[in-house]
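The values are calculated or read from the model by the stated rules, or taken from the named source; none is laboratory data. Remember, it's a predicted structure, so these values are computed and weren't measured experimentally. So basically every Cβ, Gly included, is an ideal-geometry build from the backbone, and we count neighbours across all protein chains shown. The protein model used for the area step is the full one, side chains on, heavy atoms only, and it has no ligands, DNA or RNA in it. Shrake-Rupley method; radii C 1.70, N 1.55, O 1.52, S 1.80 Å.
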Amino acid sequence: MEKTWEKLSKCCKSVKKKIDFQPKVALVLGSGLGDYVKEMKVTATLDYSEIDGFPVSTVPGHKGRFVFGYVKKVPVVAMQGRVHYYEGYPMTDVVLPIRLMRMMGAEVLFLTNAAGGVNERFHAGQLMLIKDQISSFVPSPLVGPNLDKLGVRFPDMSEIYDRELRRLIKKTAKEMEIPLEKGVYLQLTGPAYESPAEIRMCRLLGADAVGMSTACEAVAANHMGMRICGISFISNLACGMTDQPLSHKEVQEAADRVAPLFEKLVTGSIAAIGRSLKQKK
Ligand code: HPA
């Protein structure tokens, strides 16, 4: 897997040549947080296409860039546009940006996404704090010779989503009076939405939400010892749970509607995480 390491080092050098910024929190912006950067005091941006060796999206109109700046004085690097496995990249490319943000210095990874609700108690428009995940349906980004510089061969996964970060996010949501569900996120490859039978399978396996990103990113970040937290926006009830067929447009429109609340919760949570990191020092 020397190629993976070489690619990563090349990207890292390229970023460091262009940007002098040390983030504490790495934030992945999913659907619903597309405009989140307006909440940030932005100091620099870097298009993925400006980074030598970076996997650039094949999807027309997909902008992708790192945005560097501050959220309530906490130094943050945000990923505006992520790389999805269904676009055809190898898993090592999909998680390259996550690894890169760790190498820039980020200690905490804050993941966000839009997901389909599998839990029958859920309804469209809710936010769900991710408490655990099922990534077994997508290839592991850790397959291949281990990159010892990043982490161990057989990483422990007993607490992927950090207990203390979860506590801080729950407390923030409560203070802001933002309803927040909790649940298990399951990643499938996509890009097709699931069939009703697949959704029944997901529910039997213990999933509360289903999506096409995130879990593989958490596996790579966990390998590198990052503290991870994540929030899913339940944009729709999963296939077969309502009479309506699913469409990307519906997902995006729902995401736009919930954006202000989602943004507020993320900002409040990052501020709380920043305070807690300071206390630890
Ligand atoms: N399934 C998978 N991914 C999704 C969904 C869904 O129903 N909604 C948003 N992302």
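For this structure, a couple of remarks:
- Expressed to the nearest 5 percent, the antiparallel share of DSSP beta bridges inside the stretch 51-191 is 55 percent.
- With the Kirkwood sum run over all distinct C-alpha pairs, the stretch 123-210 has a hydrodynamic radius of 15.4 Å.
- The Cα atoms of the stretch 181-281 define a convex hull whose projected area, averaged across directions, is 8.0 nm².
- Given charges at Cβ of Lys, Arg, Asp, Glu: the chain dipole, positive-most of Thr4, Gln187, Cys239: Thr4
- Taking the accessible area of the stretch 143-281, probe 1.4 Å, and keeping the other protein chains in place, the carbon and sulfur fraction comes to 55%.
- Candidate lysines for bridging to Lys10, where Cα separation is under 18 Å - those fewer than 8 sequence places away on the same chain excluded: Lys18, Lys149
- Proximal lysines to Lys264, defined as alpha-carbon separation beneath 23 angstrom and excluding residues fewer than eight positions away on the same chain: Lys24, Lys38, Lys41, Lys72, Lys73, Lys131, Lys170, Lys171, Lys174, Lys182, Lys278
- Antiparallel DSSP beta bridges within the stretch 1-125, as percent of all bridges there, nearest 5: 60 percent
- Trypsin sites (Lys or Arg not before Pro) restricted to DSSP loop in the stretch 145-198 with at most 16 other C-beta within 10 Å: Lys149, Arg153
- Sum of -39500 (n - 2.57) over DSSP H runs of 4+, divided by residues of the chain (222 nm, nearest 500): -10500 deg cm²/dmol
- Hydrodynamic radius of the stretch 60-118 per Kirkwood, over alpha carbon pairs, in Å: 13.2 Å
- Close amide H pairs (under 5 Å, H built 1.01 Å from N) link Asn146 with no residue at least 5 positions away or on another chain.
- Close amide H contacts of Ala114 (hydrogens built in the peptide plane, cut-off under 5 Å, sequence separation of 5 or more or a different chain): Ser31, Phe233.
- Taking a ≥ b ≥ c as the square roots of the eigenvalues of the Cα gyration tensor, the stretch 20-178 is classed as rounded, since a/c falls below 1.5.
- The overall shape of the stretch 110-264, judged from the alpha-carbon gyration tensor, is oblate: a/c is not under 1.5, and a/b is no greater than b/c.
- Residue-by-residue Karplus 3J(HN,Hα) for the stretch 230-247, coefficients 6.51, -1.76, 1.60, Hz, glycine and proline x: x, 10, 9, 9, 7, 7, 7, 7, 5, 3, x, 8, 9, 7, 8, x, 8, 9
- Coil-residue GluC sites (Glu not before Pro) of the stretch 66-170, DSSP, other Cβ within 10 Å capped at 10: Glu120
- Å² per residue, accessible surface of the chain at 1.4 Å: 46 Å²
- A simple charge model with +1 on the Cβ of Lys and Arg, -1 on the Cβ of Asp and Glu and nothing else charged puts the dipole of the chain at about 1260 debye relative to its Cα centre.
- Largest first, the extents of the alpha carbon coordinates of the chain on the three principal axes equal 52, 41, 38 Å.
- Ellipsoid equivalent to the stretch 1-101 - semi-axes via the Cα gyration tensor, in Å: 22, 17, 11
- DSSP beta bridges confined to the chain are antiparallel in about 40 percent of cases.
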